[in-house]
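Participant: Let me give you the structure first, and then I'll get to my questions.
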Amino acid sequence: MNVIIVDYQSGNISSVINSFTEVAIGKVNIDVASDINKIKSCDKIVLPGQGSFKSCVDSLNSISGLVDTLKEFAITNKKPLLGICVGLQMFADIGYEEAETKGLGWISGKVSKIDNQKGKYKLPHIGWNEIDIKKNSKLFKDIKNKSHMYFVHSYEFIPEDKSVISATTDYSSKIVCSVERDNLFGTQFHPEKSDKTGLKIIENFLKL
Amino acid sequence: MLKNRIIPCLDVKNGRVVKGINFVELKDAGDPVEQAKIYSDSGADEICFLDITASNENRDTIIEIVRKTAKECFVPLTVGGGVRNIQNITDLLLAGADKVSINTAAVNNVNFVKKASKKFGSQCIVVAIDAKKVSENKWEVFTHGGRNKTGIDAVEFAIKVEENGAGEILLTSMDKDGTKSGYDIDLLKTITNRTNIPVIASGGVGTLDHFYDGIVKGGASAVLAASIFHYGEYKIKDAKEYLNSKNVSVRL
């Protein structure tokens, strides 16, 4: 099995590479690429994302044909894709970080700044928080409800269709921290930085 | 709810841990990779390396350490010390650091913080502030490990780095550092009240209740300590169980 971590200059992906390499055992081959032909022929995709919504979307768009290839892979062919952090946020129609920016539009919804209730809550939301699992998810197989995951973000994804939500986390409000629809997965938290539980989630994705 | 973080910090000089763990089971007491792994396995919420190597020639050593550590530790890794330009940050992030901490370079030019957070995202830019009390409720920023006075007000500087895109502040009290008498709570409280980004408390931990004071009285989102863990007086687990028993939420 070939898994590609999409490298579109979206910031630091070393930790993603390290953790997937750690978990990938036996027949799983982890590759880091932005080459469209490689992406077309792989079995699974990991879409990381750091920095702002706008900078990630701009970087993705700057690689000719990449967005269409990803869409064909994940939406048309329904092959497994995992978005992490801004990688998940980009599934939305629109994001408001830096400037109003069009997203990939794969899951209807928007990405807005977390309401910090007039400074009552610090932003970014940095650190370990518990996840509240909302539906039976392949990604959370053998993961206990209320497990701790590592977060670092100031913006949240608000999907229109609430049935895609697979987990939330409690900060200033119930923040969507994981979505799942068919073979499309996304986590707002960083499984690659979430210790053994995070590695288990990565393993679950690789075992799909 | 969001948990309060406990962060052990390792001082590294020329590739070796200077203030390090003194456990008997260690194969090599000076190996930063091995020590980071012990902390990560024992429940540290993040690991912090502070590179105190004086010469520029030895900068590559810390990169190699970060590279090795990142392959074994799957919790966030912050690296500080000698981060002066965009290239330094790129090198550390590519090696596997998740955040970098900027100190002197931020004081010299706050625009560097802006540039760095714009390029890499606020999530990986920590500004380390070393503050010394100059009068009642007044603290000044010091650089070069507390040797150089800058004349800059620490509270105003904290506000300024937030405005320039810092994702977190690592706040060290120069008066308390190494004293084991607890964090400077007034300093912490003042800065956590005046800023909206997470503040990591540093400098002065001697007993477990100092962690409690830093979080509950000082308003810190995370507590950093070095010697209390290194010499085996307390384990990370002891600190977490103590805080939990006092109703401070931690990741157990």
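Participant: By average Cβ neighbour count within 10 Å, what is the ranking of B:126-132, A:141-147, B:3-9 from highest down? Before the final figure, lay out each step's value.
Facilitator: On the way: B:126-132: 26.7, A:141-147: 13.3, B:3-9: 23.3.
In decreasing order of mean packing, B:126-132, A:141-147, B:3-9 become B:126-132, B:3-9, A:141-147.
Participant: Taking every residue in A:49-61, how many Cβ atoms of other protein chains lie within 10 Å of its Cβ, on average? Don't skip to the end; give the middle numbers.
Facilitator: Working: counts 1, 6, 8, 4, 0, 0, 4, 1, 0, 0, 0, 0, 0.
Partner-chain Cβ atoms within 10 Å, mean over residues of A:49-61: 2.
Participant: Give me the extension gain from B:MET1 to B:ARG84: residue separation times 0.36 nm, minus the current Cα-Cα distance, reported in nm with one decimal.
Facilitator: 26.3 nm
Participant: Would you mind classifying the range B:51-140 by shape? Square roots of the alpha carbon gyration tensor eigenvalues, ordered a ≥ b ≥ c; an a/c under 1.5 is rounded, otherwise it is prolate if a/b is larger than b/c and oblate if not.
Facilitator: Prolate shape, in that a/c is at least 1.5 and a/b is the bigger ratio.
Participant: Consider just the alpha-carbon atoms of the range B:207-252 and return their Rg together with their Dmax, both in angstrom.
Facilitator: For the range B:207-252, the Cα-based Rg and Dmax read 10.0, 27 Å.
Participant: When only alpha-carbon atoms count, how far does the protein assembly as shown stretch along each of its three principal axes, as whole angstroms with the largest first?
Facilitator: Here the spans come out as 65, 49, 46 Å, largest first.
Participant: May I pose another question? Hey, fewest Cβ within 10 Å first, where do A:TYR150, B:TYR212, A:TYR121 land in order?
Facilitator: A:TYR121, B:TYR212, A:TYR150
Participant: Could you give me the radius of gyration and the Dmax of the range B:173-252, taking only the C-alpha atoms into account and expressing both in angstrom?
Facilitator: Cα radius of gyration and Dmax of the range B:173-252 are 12.0, 35 Å respectively.
Participant: Next question. Choose one of B:ILE52, B:ILE62, B:LEU92: the residue whose Cα lies farthest towards the positive end of the charge dipole of chain B (beta-carbon charges +1 Lys, Arg; -1 Asp, Glu; about the Cα centre).
Facilitator: B:LEU92
Participant: Cysteines without a disulfide-compatible partner in chain B, using Cβ under 4.7 Å as the rule?
Facilitator: Isolated Cys, chain B: B:CYS73, B:CYS124.
Participant: In the range B:5-245, with Lys and Arg counted as +1 and Asp and Glu as -1 at Cβ, which of these residues, B:TYR234, B:VAL126, B:GLY219, has the Cα nearest the positive end of the dipole, that is, farthest along it?
Facilitator: Result: B:VAL126.
Participant: Can I ask one more? For the pair B:SER42/B:ASP60, report the inter-label distance in nm, with labels modelled 7 Å from Cα in the Cβ direction.
Facilitator: 3.4 nm
Participant: Give me D for the range A:2-207 in µm² s⁻¹, whole number, from Stokes-Einstein with Rh from the Kirkwood sum over alpha-carbon pairs, 37 °C and 0.692 mPa s.
Facilitator: 195 µm²/s
Participant: When N counts the residues of the range A:32-146, how does its alpha-carbon radius of gyration compare numerically with 2.2 N^0.38 Å, as a ratio?
Facilitator: So the Cα radius of gyration is 1.19 times the expected 2.2 N^0.38 Å.
Participant: Would you mind ranking A:SER14, B:SER135, A:SER112, A:SER41 so that the residue whose beta carbon has the fewest other beta carbons within 10 Å leads the list?
Facilitator: Arranged by neighbour count, lowest to highest, A:SER14, B:SER135, A:SER112, A:SER41 become B:SER135, A:SER41, A:SER112, A:SER14.
Participant: Now for a separate question. How much of the pair distance distribution for the range A:89-208 lies past 17 Å, counting alpha-carbon pairs only, in percent?
Facilitator: Result: 55 percent of Cα pairs exceed 17 Å.
Participant: May I ask for the Rg/Rh ratio of the range A:2-94, computed from Cα atoms with Rh as the Kirkwood radius, given to two decimals? Could you put the intermediate results ahead of the total?
Facilitator: Details: Rg = 12.4 Å, Rh = 13.3 Å.
Taking Rh as the inverse mean 1/r over Cα pairs, Rg/Rh reads 0.94.
Participant: Among the trypsin sites (Lys or Arg not before Pro) within the range A:14-50, which fall in a DSSP loop and have no more than 13 other Cβ atoms within 10 Å of their own Cβ?
Facilitator: A:LYS27
Participant: For B:LYS71 and B:SER181, compute 0.36 nm times the residue count separating them, minus their Cα-Cα distance, and round to one decimal in nm. Can you show the working numbers first?
Facilitator: Values: separation 110, 0.36 × 110 = 39.60 nm, distance 3.59 nm.
Stretched fully, the B:LYS71-B:SER181 segment lengthens by 36.0 nm.
Participant: A follow-up question, please. Would you count, across the range B:108-182, every pair of lysines whose alpha carbons are under 12 angstrom apart, provided the pair is eight or more residues apart or spans two chains? Don't skip to the end; give the middle numbers.
Facilitator: Working: B:LYS114/B:LYS160; B:LYS132/B:LYS149; B:LYS132/B:LYS176; B:LYS133/B:LYS149; B:LYS133/B:LYS176.
Close lysine pairs under the 12 Å cut-off: 5.
Participant: Which pairs, out of A:LYS135/A:LYS174; A:LYS138/A:LYS200; A:LYS71/A:LYS200; A:LYS102/A:LYS174; A:LYS134/A:LYS174, put more than 18 Å between their alpha-carbon atoms?
Facilitator: The answer is A:LYS71/A:LYS200; A:LYS102/A:LYS174.
Participant: Based on DSSP H runs of at least 4 residues, each adding -39500 (n - 2.57), what is the mean residue ellipticity at 222 nm of chain A after dividing by all its residues, to the nearest 500 deg cm²/dmol?
Facilitator: Result for chain A: -6500 deg cm²/dmol, rounded to the nearest 500.
Participant: Determine the dipole magnitude for the range A:99-180: charges of +1 sit on the beta-carbon of Lys and Arg, -1 on that of Asp and Glu, nothing else is charged, the reference point is the Cα centre, and the result goes in debye to the nearest 20.
Facilitator: Working: 14 positive and 10 negative charges, 25 e Å.
Charge dipole, the range A:99-180, about its Cα centre: 120 debye, nearest 20.
Participant: Here is a further query. Which FRET efficiency, nearest 0.05, do A:ILE25 and B:LEU94 yield, Cβ-Cβ r, R0 30 Å?
Facilitator: 0.75
Participant: Assign one of three labels to the range B:141-199, namely rounded, prolate or oblate, based on the Cα gyration tensor with a ≥ b ≥ c the square roots of its eigenvalues; rounded applies when a/c is under 1.5, prolate when it is not and a/b is larger than b/c, and oblate otherwise.
Facilitator: oblate
Participant: Please report Rg (one decimal) and Dmax (integer) in Å for the Cα set of the range B:131-172.
Facilitator: 10.5, 29
Participant: Rounding to the nearest 20 debye, state how big the charge dipole of the range A:2-207 is about its Cα centre with +1 on each Lys and Arg Cβ and -1 on each Asp and Glu Cβ.
Facilitator: 560 debye
Participant: What FRET efficiency, computed as 1/(1 + (r/R0)^6) with R0 = 51 Å and r the Cβ-Cβ distance, is obtained for A:ASN2 and B:TYR231, rounded to the nearest 0.05?
Facilitator: Plugging the Cβ-Cβ distance into 1/(1 + (r/R0)^6) gives 0.60.
Participant: Place a +1 charge on the Cβ of each Lys and Arg in the protein assembly as shown and a -1 charge on the Cβ of each Asp and Glu, then give the dipole magnitude about the Cα centre in debye, rounded to the nearest 20.
Facilitator: 520 debye
Participant: Suppose only helical runs count, i.e. DSSP H with n ≥ 4. What mean residue ellipticity at 222 nm does that imply for chain B under -39500 (n - 2.57) per run, divided by all residues and rounded to the nearest 500 deg cm²/dmol?
Facilitator: -9500 deg cm²/dmol
Participant: Residue farthest toward the positive end of the dipole of the protein assembly as shown, with Cβ of Lys/Arg at +1 and Asp/Glu at -1: which of B:PHE112, B:VAL250, A:SER166?
Facilitator: A:SER166
Participant: Using a ≥ b ≥ c from the Cα gyration tensor of the range B:5-245 (square roots of the eigenvalues), is it rounded, prolate or oblate, where a/c under 1.5 gives rounded and otherwise the larger of a/b and b/c decides, a/b for prolate?
Facilitator: oblate
Participant: If you don't mind, there's one more thing I want to ask. I'd like the mean, over residues of B:66-75, of how many other protein chain beta carbons sit within 10 Å of each residue's own Cβ.
Facilitator: Details: counts 1, 2, 0, 1, 5, 6, 2, 4, 17, 8.
Mean inter-chain Cβ contacts per residue within 10 Å come to 5.
No value in this document is a laboratory result; all are computed from the given coordinates. All figures in this text were calculated on a predicted structure; none of them were measured in a lab. Note that we place each Cβ from the backbone using ideal geometry, even for glycine, and neighbour counts take in every protein chain shown.
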